[in-house]
1. Considering only residues of region 6-25 that are without any contact (Cβ under 8 Å) to a residue 60 or more places away in the chain and under 29 Å from residue 170 (Cβ atoms), which is surrounded by the most Cβ atoms within 10 Å (Cβ to Cβ)?
2. All but one of (1) farther than 24 Å from residue 476 by Cα; (2) open to solvent by less than 40 Å² (accessible area, probe 1.4 Å) hold for residue 90; which doesn't?
3. Of a type in the set (A, V, I, L, M, F, W, C), surrounded by 14 or more Cβ atoms within 10 Å (Cβ to Cβ) and under 22 Å from the mean Cα position of the chain (by Cα): is that true of residue 230 in this structure?
4. Give the residue, chosen from 43, 63, that is of a type in the set (Phe, Trp, Tyr), in contact with a helix residue (DSSP H, G or I) (Cβ under 7 Å, 6 or more places away or on another chain), surrounded by fewer than 21 Cβ atoms within 10 Å (Cβ to Cβ) and under 30 Å from residue 253 (Cα atoms).
5. Would you check which residues across region 130-156 are under 18 Å from residue 349 (Cβ atoms) and within 19 Å of the chain's Cα centre (by Cα) and list them?
6. Is it fair to say residue 71 is under 15 Å from residue 141 (Cα atoms), acidic (Asp, Glu) and out of contact with any Cys (no Cβ under 8 Å at 6 or more places or on another chain)?
7. Considering each of 143, 219 in turn, give the residue that is open to solvent by 50 Å² or more (accessible area, probe 1.4 Å) and not β-branched (Val, Ile, Thr).
8. Where the second residue is of a type in the set (Val, Ile, Thr) and the first is free of Cβ contacts under 8 Å to residues at least 24 places away in the same chain and lies in region 139-153, which pairs have Cβ atoms under 9 Å and are six or more apart or on separate chains?
Amino acid sequence: MKSPVPLSRARPLWLRDARIEILLFGVFALLLLGLGLGLRDPWPSDEPRFALVARWMVEHGQWLFPHRGHELYPDKPPVFMWLQALAYFLTRWRVAFLLPSLLAALGALVLVYDLARRLWNHRSALLATATLLVTIHFTYQMRNAQIDPLLLGWMTLANYGLLRHLLLGPSWRWFATGCFFAGVGVATKGVGVLALLMLAPYLVARRGHWRSLALPAGRWRWVGGLALFFVPILGWLLPMLLVARADGDPQHAEYVQNILFGQTVHRYATPTGHIHSPFYFLGIIALDWLPLSLLLPWALPAWWRRLKRRDSRLLLPLGWIVLIVLFFSFSPGKRDVYILPALPMMALALAPLLPGLLRRRGVRIAVFALTLLLSAVLAAAAALALHRHPAWAMKIEQSLDPRIWWLLLTIGLAGLVIVAFTRVRHAPLGWLLFAGVLWGIYGLWGYPMLNGDRSARNVMLQARSIAGPQAEIGLLAWKEQNLLMAQGPVAEFGFLKPRPQQYADAVAWLQQDASRRWIFSLDEAMGDCVDRQRAIHVGHANRREWWMFQADAVKPGCAPTGIAEPEADEWL
């Protein structure tokens, strides 16, 4: 297939030069995804866990076997935590823990743009990339420090390499690249192998003699490319297996068993949490993928017409998306992030349609209504909470800073002003501007406002203030953010260990040096065995109450009973 038109001669979308459009869009994307970077600490549920593991790697050199405190953390492969730890060598923790997600997001945008420009043109590519950027699910998740944003980056890179070979090839180097990064995806999170499902619609298209399809020959080249899929997997797996076998540590053997089987086959077939119906992901697509999902009523018939003309440029990404959704729908356990890697391919499939779709009045009315509705709801809810203090607002304020209403009111009013100026005619631009305001205010104002409670920084600072600078604090029934944000000397008694056993270990530790040691505990974990008149209430954080006590508050001979253990999804 011929090379794409150089940007210097490409037809621009709204300015005089396509190169300036790309530059301005790049700046906008960086701001939208990066504003607030360095202004907050890791927030639950997953961010403190991964940051804690990464920090342990840096401080203790445990790179092959991730640790959550002194316990092994066998739920995920270590690649994401490796990258966070490596980022720490370049910058401070408040930036480092978010850096892999930010780079994955920017990389995915670049790959979608480049592939869409090669398959169609600059205008379609830029619109597709902008649609991906301002889709709520993409922006929200890619601003978080979780494994799934990084997985999206690897799988998009794998898809890019495969499609460069299958649609624009033959290009065996790109095929090898795609297979290799599918393997990196597996070493990041086991489902990275699903990138190779792109070969299934390709085989259908090849057997059906579809248009715009490359027909590479060379059986051994196919085998050699697929063999590269195993290189990054073995690069992680072999050292881990060799060390586990050589040291004979039963904990390492249990870790290997869990990471290879418990967190893959067993978790897919018999999950313990996040149970949803087979149609769960349809709701995620309809709501979380706004405003992209608003285009689907017009896009579906257009795709069908093009598929009937045997356009493989649409069959491959759309077929892959269907396979991904079906794969995760068959498992009883479902989370919204499972289908996140399908979003870039959805934007790619929309690329040839977007110039026409965004000119349709019905599409513009739908986007305008979404912007107006969301802005009005935010402004009205915030105003009501500030002036009438209804019960639902008071309940929210138990977990969030009351100033959140001023933040939401500002976003809502700004959205209404944008709607008034852009109106239906420029509704897509209106959503673009609204997204910039929403995520910009959230990052620059919301992050510092909410950080103290959500990260547990405030409650851990208060704990240190109560204990004094030299005292040791033992953590009982702790969450990852407590250990991560702990100040000064601390001890912990296990994370997954049953709470009554944690309590017994904590009391024994406390009595070894009663004058210098304190216990920082979740309220429920103390049961009736701690005299709360002698304990100190530290504060409220992460929807939990936290206390501190010394040995004089412990009731002798008391063993706590009826203490609720953490729910399974608290450990995921």
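The values are calculated or read from the model by the stated rules, or taken from the named source; none is laboratory data. In this text the structure is predicted, and so the values were computed from the model without any measurement. Here the Cβ positions follow ideal geometry from the backbone for every residue, glycine too, while neighbour counts run over all protein chains shown. The area values use the complete protein model at the heavy-atom level, side chains included, leaving out ligands, DNA and RNA. Shrake-Rupley method; radii C 1.70, N 1.55, O 1.52, S 1.80 Å.
1. Result: 6.
2. Result: residue 90 fails condition (2) only.
3. In short, no.
4. Criteria check complete, one pass: 63.
5. 131, 132, 133, 134, 135, 137, 138, 152, 155, 156
6. No.
7. None of the others qualify; the one that does is 219.
8. none
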